[in-house]
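Q: Here it is, the structure, as C-alpha cells.
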Amino acid sequence: MSSEGYDVVIVGGAAVGSAVAYFLTHDLGFAGSVAVIERDPAYTKAATTLSAASIRQQFSTPENIRMSAFGVAFFRDLKNRFGTEADIGFRERGYLLLASETGEETLVANHAVQKAEGADIVLMDAQALADNFRWLKTSDLSLGAFGRTGEGWFDAHSLLGLLRNAARAKGATYIHGEVTGLAREGACITGVTLADGRRIACGMLVNAAGPQAGDVAALADISLPVEPRKRCVFVVSCRAALPGMPLMVDPTGVWVRPEGEVYICGVSPPEDARATDFEVDYSLFEDVVWPMLAHRVPAMEALKLQRAWAGHYDYNTLDQNAVIGRHPEIANFIFANGFSGHGLQQSPATGRAVAELIVHGRFVSLDLSLFGYERVAAGRPVKELNVI
C-alpha cells in the first residue's frame, strides 16, 4: 500500500463531500487527517453547480423536512460560521406547489406532515391563489401549498466555496483525481486507486460521488441503485412583471423561478433516461416547458429563451431518496448518495450526519437511519411523494 494515507477519504468534493469535510474539521473537531478526492476541481460538470440551487421543506417524509430545516438554519447562520462577508444570496421567497383535483389529497396529506414538523407552509384554495398571485391561471387548480418562510433559492457556487475553503483552512486536503479502484480486504476498504496510478490508504471511506456514486460503490462490489439523470435548465426573459413569484411547480412537474432579472425553468426528467451526455434538449423546452408555462402564467406566452444548460443529478432508482449511513457489512464504507435532486439543499445536514457517524459512530443531531443502506439491500423503498 502507498505511504500516502488519510484517516478519512471522501470521494467527491462538491457540496455533500465538502460539507462532510467541513463538519469533520469544524463542529466535530476531528483530530485525524481528511482527504477529499475530486475529479472535476473546477466543478464544471458537478451536480452542485449545475443545479437549480433551491431549498424547500415541502416533502412528504419527516426526515427530509428535518434535513432541509437544518439547511435553512445553517444558511441563516452563515455569517457567524464563515465571517461577516459570507453571503450565498439566499432569497427566502418560498415554493408554490400546485395541485389539480387529482393531486389535492396528496398535497393535503403532505401538508399535515410538514405542519407537524413545524414548517411554515400554508394551503391556498383556487380563490386564494388567484388573490395572492394575480399572474397565475387558477381555473384548473384545486389547491396550492406555499412556503411563507424557510424556502427559496441561493447561489450554489458561493455555498460550495464557503464549505470547501473552510475545510481546507482547517487541514482537509483536496486531491485532483478520479477514483478507479477500491482496495477491499474482507469487511474493510483499505484504500483507493486513482486514474493516474496513485494509491491512497484510508481508515474510513465516504462515497459522496454524486451521479457517479453507483459506479464508485461497484468498485467494492457493492450494489447501489444510483445513476445519473439529465436535468435541463432553461433561462428565459419575460416582459411582463410577475410580482412575488416564488418557485412555482405546476401539477405537470414543470417548474419556474426568478433569477435576478430573468427566470429559470425546467421539468422533472423521465425516470428511465440514464444520462450519458450534457447536451441540452431544446425540444423539451419547445414541446413541454414553454407550453405549460404559457398555460399556467399567461404573461409567459411571450417568453424569450436566453440560454440553457444541462446537468446530471444522482437519481436513486429504488425510491428517489438519499442513502446515508454505513454499509452493514463493510463498516468503514459510508454512503452519502442518491438524493435525486435535493442533495445540494440537504448537504449541510448530510455533512453533519456523516461527520457524526465517523466521530461518534452514530447519528446525534438528526436520526437519519431511515435512509440507511439496509433498505436498499432489502429492496424496501422509502417513498418520497414530493420529487421535483
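Q: Would you mind checking which residues have amide H under 5 Å from G341's amide H? H placed 1.01 Å from N; only 5 or more apart, or other chain.
A: Here D314 satisfy the definition.
Q: Give, to the nearest whole percent, the P(r) tail of segment 254-361 beyond 24 angstrom, counting all Cα pairs.
A: Beyond 24 Å sits 44 percent of the P(r) for segment 254-361.
Q: I would also like to ask the following. Let me know the charge dipole size of the chain about its Cα centre in debye, to the nearest 20, where only the beta-carbon of Lys, Arg (+1) and Asp, Glu (-1) is charged.
A: Details: 34 positive and 44 negative charges, 158 e Å.
Approximately 760 debye in magnitude.
Q: Whole Å is fine, so just give me how far the alpha carbon centre of segment 38-75 lies from that of segment 222-236.
A: Their Cα centres are 14 Å away from one another.
Q: Students often forget the sequence filter, so: which aspartates and glutamates lie under 19 Å Cα-Cα from K304 once same-chain residues fewer than 8 apart are removed?
A: E259, E261, D281, E286, D287
Q: Also: In the chain, if the dipole is taken from +1 on Lys/Arg beta carbons and -1 on Asp/Glu beta carbons about the Cα centre, which of V288, T48, H111 is farthest to the positive end?
A: T48
Q: Could you give me the percent of Cα pairs per 5 Å distance bin for segment 149-206, shortest bin first, beginning at zero and ending with the bin that holds the maximum distance?
A: It works out to 4, 14, 17, 16, 15, 15, 8, 6, 4, 1, in whole percents.
Q: Positive end of the dipole of segment 168-244, charges at C-beta (+1 Lys, Arg; -1 Asp, Glu), about the Cα centre: which of P243, G171, A208 has its Cα farthest in that direction?
A: Among P243, G171, A208, the one farthest towards the positive end of the dipole of segment 168-244 is P243.
Q: Considering only DSSP beta bridges with both partners in the chain, what is the antiparallel share in %, to the nearest 5?
A: Restricted to the chain, the bridges split so that about 70 percent are antiparallel.
Q: Enumerate the amide H contacts of Y6 below 5 Å, restricted to partners 5 or more residues apart or on another chain; note that Pro and chain-start residues carry no placed amide H.
A: Correct list: A201, C202, G203.
Q: Take the alpha-carbon centre of segment 145-176, take the same for segment 333-351, and report the distance between them in whole Å.
A: 12
Q: Can I ask one more? Go through segment 281-296 residue by residue and turn each phi into a ³J(HN,Hα) via Karplus (6.51, -1.76, 1.60, θ = phi - 60°); whole Hz please, and just put x for glycine and proline.
A: Along segment 281-296, the couplings run 8, 5, 5, 4, 5, 5, 8, 10, 5, 4, x, 6, 5, 4, 6, 7 Hz.
Q: While we're on this one: Placing unit charges on C-beta atoms (Lys and Arg positive, Asp and Glu negative, everything else neutral), compute the dipole magnitude of segment 7-164 about its Cα centre in debye, rounded to 20.
A: 340
Q: Taking the alpha-carbon distance from K115 and a cut-off under 20 Å, which lysines remain once sequence neighbours fewer than 8 residues away in the same chain are dropped?
A: Cross-link targets: K383.
Q: Give the lysines reachable from K45 as a straight Cα distance under 16 Å; neighbours fewer than 8 places away on the same chain don't count.
A: Hits, sequence-local ones excluded: K230.
Q: Taking the Cα centre as origin and putting +1 on Lys and Arg beta-carbons and -1 on Asp and Glu beta-carbons, what dipole magnitude results for segment 147-210, to the nearest 20 debye?
A: 180
Q: Of the listed peptides 275-281, 114-120, what is their order by residue-averaged count of other C-beta atoms within 10 Å, with the highest listed first? Intermediate results must be reported in sequence, preceding the final value.
A: Values: 275-281: 13.0, 114-120: 16.3.
So the peptides 275-281, 114-120, ranked by packing, come out 114-120, 275-281.
Just so you know, all these numbers are worked out from the coordinates, no wet-lab data involved. This is a predicted model, so every value here is computed, not measured. Backbone-built Cβ (ideal geometry, glycine too); neighbour counts: all protein chains shown.
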